[in-house]
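What follows is a single structure, written as structure tokens, with notes after it.
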Amino acid sequence: MQGGLFLLLAVAFSSGVALSMKAANIRGVNLWQFLAVNYVVCTGGLLAWGAWKTLLDNPPLVWGLGIFTGVMYVLCLWLFNQAITAGGLALSTTLMRLSAAVPTLGSLIFFKETAGYLQAAGIGLAFLCLPLAGNEPLRLGRGVKTALKGITWGLLLFAAYGVTDFVFKIQAELAPAADHKAFMATIFGTALVLTLPRLLNGDRISRTCLTWGATLGTTNVLATYFWIQALSYLPGSTAYPTLGLGVIAVTTLFSLLFWKEPLRPANYLFLAMAATAVFLINVG
């Protein structure tokens, strides 16, 4: 019961991260100021949570992974913003969640893990459905450049988010004893260092930027907190696919009902195939 509640809250706040990005995107806020406010809230929240107590105890490997992941977090949110502009929230969020195929494939290659038939099918399906995610159909000829322009940001997001997710697998395998709060503080602190100069460059920060930046930071921290709690009660085979499918469902529903994002018939097929792939990857 308690694990289910934590998982439900993780889905809600993880969806809140995506919805906050979309809301800021359509309001035209300064992206870098927006991200900086987010990381101020994230880092401050983690330090208040007690991350400072073990931060200096991080071994060099954890510091290196945390700094790299912090850089990738900034890159991923920038790519997410670009992908939302080019393809909308539903497709962008689904591509981000579909990137679970990348760390799964990396685990098979670098850590010699074995995949069941369902997991292998999910990985194959994830890559197979990618061409259906664009706003324009991929055709040979002059139209291919227009189609590729629309899907490029989503594909870059797919790759970057997948690589970032794989870092957590590396940390779990090579430094399992690392304190999670301290590791997260290193990640968000690095991202804050990268974005803070844009917050302090003298330009006026709009109220909209402060509001949605603080909302993104709050949902970021709470999504991570409730996700960790959910994993302490529920098996990964239940938690991972539920989170991925839940976030895809919530963001797609909001995209269609509130923002009236246009989707091609092929996009609906992509969403169905991607949801199936996410499920198979995590339960296989």
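Some points to look at:
- Of T93, T69, all but one fail to be over 20 Å from I248 (Cα atoms) and either open to solvent by 30 Å² or more (accessible area, probe 1.4 Å) or of a type in the set (S, T, N, Q) (or both); the exception is T69.
- Scanning the stretch 198-214 for residues that are assigned to a helix (DSSP H, G or I), touching a residue at least 40 places away in the same chain (Cβ under 8 Å) and open to solvent by 50 Å² or more (accessible area, probe 1.4 Å) returns R198, T208, L210, W212.
- Some residue of the stretch 96-117 being over 13 Å from the mean Cα position of the chain (by Cα) and modelled with pLDDT of 95 or more: no
- Scanning the stretch 215-233 turns up one or more residues that are loosely packed, with under 15 Cβ neighbours inside 10 Å and either small (G, A, S) or at pLDDT 90 or above (or both).
- Test: residue in the stretch 256-272 that is touching a Cys at 6+ places or on another chain (Cβ under 8 Å) and either over 18 Å from S15 (Cβ atoms) or among the charged types (D, E, K, R) (or both): yes
- The lone criterion from (1) more than 17 Å from the chain's Cα centre (by Cα); (2) under 29 Å from N25 (Cβ atoms); (3) in a helix (DSSP H, G or I) left unmet by T93 is number (1).
- Note on the stretch 53-98: residues that are closer than 25 Å to L128 by Cα and among the charged types (D, E, K, R) total 1.
- Note on the stretch 151-173: residues that are in contact with a Ser or Thr (Cβ under 9 Å, 6 or more places away or on another chain) and within 22 Å of A83 (Cα to Cα) total 12.
- Condition check for N38: touching a residue at least 40 places away in the same chain (Cβ under 8 Å) and open to solvent by 20 Å² or more (accessible area, probe 1.4 Å): no
- Scanning the stretch 56-75 for residues that are out of contact with any helix residue (DSSP H, G or I) (no Cβ under 9 Å at 6 or more places or on another chain), assigned to a helix (DSSP H, G or I) and more than 24 Å from P197 (Cα to Cα) gives a single hit, P60.
- Residue count, the stretch 245-283 (criterion: among the small types (G, A, S), open to solvent by less than 20 Å² (accessible area, probe 1.4 Å) and in contact with a Ser or Thr (Cβ under 9 Å, 6 or more places away or on another chain)): 3
- Residue in the stretch 52-64 that is within 18 Å of the chain's Cα centre (by Cα) and either surrounded by 19 or more Cβ atoms within 10 Å (Cβ to Cβ) or at positive phi (or both) present: no
- Hits in the stretch 22-35 - residues which are among the aliphatic types (A, V, I, L, M), surrounded by 20 or more Cβ atoms within 10 Å (Cβ to Cβ) and more than 18 Å from the chain's Cα centre (by Cα): V29
The values are calculated or read from the model by the stated rules, or taken from the named source; none is laboratory data. Since we're looking at a predicted model, the values are computed, not measured. Cβ atoms come from the backbone with ideal geometry, glycine included; neighbour counts cover every protein chain shown. The area values use the complete protein model at the heavy-atom level, side chains included, leaving out ligands, DNA and RNA. Shrake-Rupley method; radii C 1.70, N 1.55, O 1.52, S 1.80 Å.
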